[in-house]
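Everything below concerns the one structure shown next.
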Amino acid sequence: MSKLVISGYYGFGNAGDEAMLSAMVEALRALEPTLTITVISGNPADTRRRYNVCAVHRLNLWGIAQAVRKADLLVSGGGSLLQDVTSGRSIFYYLGVLQLACLLGCPIMLYAQGIGPIRSSVARSFMRHIGNRIVAGTVRDEGSLAELAGLGVALHKVTVTADPVLALSPVPLDAGQAILSQLGLQGEGPLIGFAVREWQGREHFKNVFAAVADRLVAELSARIVFLPMQCPDDLQAARLVAGRMQQEHALIGTKCDTQELLSIVGNLDLLVGVRLHALIFAAVRETPFLGGSYDPKIDRFLETLGEKPVGTLDSLTEENLLGRIQQILAKTPADEARRQRVGELRKQALYNAERAIGLLRKKG
């Protein structure tokens, strides 16, 4: 029976990261049902309950060392862990876990990582050191591969794939319909969701979103709902935008799990998102979407679909965003080219698990 340890930003209520973990566990177990999985988590009890895995607290260094020492493979799992823009310190934690695995003789794999930007010279040196000691790696976009190349990491072990969440199995729409119905969002007008977040004190985009949402209600009888992806942070941001509106709107004020969020997004006619995984959820559910960019990962994901963001958080304009929304709502059925591209990305996302299981079987 093989043992695998997953390192990542889990157990903190971030819907995107939890969706990644859910997708990883689902895909890995589909290939190897007897696999023993241990997750390094900020809330081990919750992680155990949600995913039926073993879990150790991210600050329990002895427990992490014991799990890694017994493991056949450590994967640094998904997301934008290896960058120093959001935080200048977190990258050293995740690289430190990988360095621990190297010291204990446990093979390491980067699993659908989004790499960079990495600005600190110390962090860049550490990333180069670790990147050249992996047994294999997958990255979720070409930009991440370019970051590794720029750091001096040998690329012959690295493959470009896609975000693990794109491989999630479909979920029924019933749960989302029930949540939206409780908010009084029945009606005939287009149902439009906004997924916002705070970012370095930016205020301009909040004003634009509020103004556009007001006009959508007034001009199209739209039903507006704010969809927090991470509670309580996104909930606060959503309240700030909603509070600037004059027209009727709704806000999901409770924490939803991955299945519920996917179901809600599947019921929307359009999603306007700042959160990356809100956009990925929309892609999975074939819900039309527009992305506002605050980070290269947004641009990179949209590029994989042959698209561009509607603007940055600083450059968004009311007329441009409203115009793009009106164009999308007028286009039916859903864009066939995007559907085909998402199908290709799903296959690439599944390859992440295939690569990890291949390493375990080779070692066994």
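The values are calculated or read from the model by the stated rules, or taken from the named source; none is laboratory data. Computed from a predicted model, the values in this text were never measured in an experiment. A quick note on method: Cβ atoms are made from the backbone with ideal geometry, for glycine too, and the neighbour counts reach across all protein chains shown. Protein only, heavy atoms only, side chains kept; ligands, DNA and RNA dropped before computing areas. Shrake-Rupley method; radii C 1.70, N 1.55, O 1.52, S 1.80 Å.
Nearest 10 degrees, 0 to 90: what angle lies between the long axis of helix 142-151 and the longest principal axis of the chain (Cα atoms)?
It is inclined by approximately 40 degrees.
Convert each backbone phi in segment 168-177 into a coupling constant with the Karplus relation 6.51 cos²θ - 1.76 cosθ + 1.60 (shift: θ = phi - 60°), then list the ³J(HN,Hα) values in order as whole Hz, x for Gly and Pro.
4, 6, x, 10, x, 8, 4, 4, x, 4
Mind putting a number on the dipole of the chain about its Cα centre? Charges go on the C-beta only, +1 for Lys and Arg and -1 for Asp and Glu, and I need it in Debye to the nearest 20.
Once rounded to the nearest 20, the dipole reads 1540 debye.
What's the carbon and sulfur percent of the chain's accessible surface, probe 1.4 angstrom, rounded to a whole number?
That share works out to 51 percent.
Report relative contact order for the chain in percent, whole number only (criteria: Cα-Cα under 8 Å, sequence separation at least 6).
16 percent
Hey, can you find the accessible area per residue of segment 303-352 for me, probe 1.4 Å, expressed in square angstrom?
61 Å²
How would you rank 157-165, 123-131, highest first, on the average number of other Cβ atoms within 10 Å across their residues?
Taking the mean over residues of other Cβ atoms within 10 Å, the ranking is 157-165, 123-131.
Which residue, chosen from V241, L81, V212, occupies the Cα position most advanced towards the positive end of the dipole of the chain, where the dipole is computed from +1 (Lys, Arg) and -1 (Asp, Glu) charges on Cβ about the Cα centre?
Towards the positive end, the residue furthest out is L81.
The list (i) 1.10; (ii) 1.36; (iii) 0.99 gives values of Cα Rg over 2.2 N^0.38 Å, and only one came from this structure; which label was calculated from it?
Correct label, based on the coordinates given: (iii).
Taking the Cα atoms only, what angle lies between the long axis of helix 204-220 and the longest principal axis of the chain, rounded to 10 degrees?
Tilt relative to the chain: about 50 degrees.
Within the set of other residues whose C-beta is less than 12 Å from the C-beta of I224, count the net charge using Lys and Arg as +1 and Asp and Glu as -1.
So the surrounding residues net to -1.
Please calculate how many Å² of accessible area segment 88-201 carries per residue, with a 1.4 Å probe and no DNA, RNA or ligand atoms counted.
40 Å²
I'd like the orientation of helix 61-70 relative to the chain: the angle between its Cα long axis and the longest Cα principal axis, in ° from 0 to 90, rounded to 10.
Roughly 70 degrees, rounded to the nearest 10.
Check cross-link reach from K363 to the lysines: straight Cα distance under 28 Å, and skip same-chain residues fewer than eight apart.
Counting by Cα, and skipping residues close in sequence, K363 has these lysines nearby: K3, K70, K157, K347.
Per the helix-only calculation at 222 nm, which mean residue ellipticity applies to the chain, given -39500 (n - 2.57) for every DSSP H run of n ≥ 4 and division by its residues, nearest 500 deg cm²/dmol?
Mean residue ellipticity, 222 nm, calculated: -15000 deg cm²/dmol.
List the residues, sorted by chain then number, that are 5 or more residues from I115 or on another chain and whose placed amide H is less than 5 Å from its amide H.
Amide H neighbours of I115, under 5 Å, 5+ apart: R140, S144.
Determine, for each peptide in 55-65, 73-83, 190-200, the mean count of other beta carbons within 10 angstrom over its residues, then list the peptides with the highest first.
Sorting 55-65, 73-83, 190-200 by mean packing, highest first, produces 73-83, 190-200, 55-65.
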